[in-house]
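Notes for the one structure printed next.
The values are calculated or read from the model by the stated rules, or taken from the named source; none is laboratory data. Please read all numbers here as calculations on a predicted model, not as lab measurements. Here the Cβ is made from the backbone with ideal geometry for all residues, glycine too, and neighbour counts use every protein chain on show.
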Amino acid sequence: MSIPTIDFAPFLNEEGAVIGTEPTSEQVAVAKQMDEVCRNHGFLHIINFGLSDGLRSQAFQSSKELFDLSEDFKKTHLRRINPKDNMGFAPVLSESINRSRPNELKEAFNLSFPPKRQNDLSGCPDSFVEVTEKLQAKYRDLARRYAIACALALSLPLDFFANALVDLDLCTIRFLHYPACELDDTSAESTDRPIRIGEHTDFGAFTFLLLGENGVEGLQIKPVEGGEAGGQAGGENEGWIDVVLPNDGPQGAIVNTGALMARWTNDVWRATAHRVIVANAEMAARERFSIAFFVDPDSNSIVKVHDTFTKHGSLPKYEPITSSDYLSMKLQEMMKT
């Protein structure tokens, strides 16, 4: 599937919806595109969103330096992740986001946002420590602007989602490394075979995904009926579509809606399932890097189906839940030891 490209530049200007006044025609056009995509499958390719090529390159280089550290060093000197705070290092094969799959062929390092949360970067390369502050500043601004665009797209008050993204105390920047692996003769569709990330929908409101030099290799998506997949779910082997991005133009990010956004909108916006597979021996022989920015509402925010999505007589599909309770539940499901 060639997912659509959306130019987010109109929301980088200090005008219109960004400052709480009448949206510009360009902002309205972008919001309309976002709404069409998110009602269908929830995956888009965004360009011109405020991250320079230089900072992007610096982030991936520092990520490589981090994961190039020896396995013993990473396991003994880096702060180990846990479901209570979702910060630190996750070794290869320590997680399984879908319980119908074995543990996954990836390692990760999670960062949170000060001042509410303080990261322990002991043992991390200096370059990695340096780039974290730059990314946090850019992503804090991007989260607010994208939240405003979402509200405009859904005809909600412009500050509706932005008001739940003040502290960013549950937002996470996740550096991911998928090492090269061996490919056996087991079918790529077998649930007995480890894959790089199993079938799932993201937990939060929306996610920005930066891709390394191997791009979308192995990334597949599938629209689902409800807002969630994974966890204890199974039987998700059919209907997967390979993601394709343009070969030219500026580097962008993949953005997708998550399960909490689906809850807020009563599934008007889709939380599309996705996974990363190892399709062939050539793909297995290559390592893969990506950087995900998971945007979750602040911990004390109550995610409740908005009245806009029930005013025509439909009933809410989901009970209200705090963002912190929901995230804690999903992290407990994912982390295996």
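Pairing residues of segment 59-70 that are touching a residue at least 24 places away in the same chain (Cβ under 8 Å) with residues that are small (Gly, Ala, Ser), at Cβ distances under 6 Å and at least 6 apart in sequence or on separate chains, gives Phe60/Gly212; Ser62/Ser127; Glu65/Ser127. Taking segment 261-288 as the range and being more than 21 Å from Arg101 (Cα to Cα) and in contact with a Ser or Thr (Cβ under 9 Å, 6 or more places away or on another chain) as the test, the residues that pass are Ala262, Thr265, Asn266, Val268, Trp269, Arg270.
Is there a residue in segment 64-83 that is under 24 Å from Thr272 (Cα atoms), of a type in the set (A, V, I, L, M) and surrounded by fewer than 21 Cβ atoms within 10 Å (Cβ to Cβ)? Step through it out loud before you land on a result.
The first filter runs over segment 64-83 and keeps only residues under 24 Å from Thr272 (Cα atoms), leaving 83.
Still in the list and also of a type in the set (A, V, I, L, M): none.
No, that holds for no residue.
For the structure I just gave you, tell me whether Leu152 is closer than 30 Å to Asp35 by Cα, at pLDDT 95 or above, in a helix (DSSP H, G or I) and more than 19 Å from the chain's Cα centre (by Cα). In short, yes. Starting from segment 152-180, take each residue that is surrounded by 16 or more Cβ atoms within 10 Å (Cβ to Cβ) and list its partners that are of a type in the set (Phe, Trp, Tyr) and part of a loop (DSSP other than H, G, I, E, B), counting only C-beta distances under 8 angstrom and pairs at least six apart or across chains. Pairs that qualify, where the first residue is surrounded by 16 or more Cβ atoms within 10 Å (Cβ to Cβ) and the partner is of a type in the set (Phe, Trp, Tyr) and part of a loop (DSSP other than H, G, I, E, B), are Leu154/Trp269; Asp167/Phe113; Leu168/Phe113; Asp169/Phe113; Cys171/Phe113.
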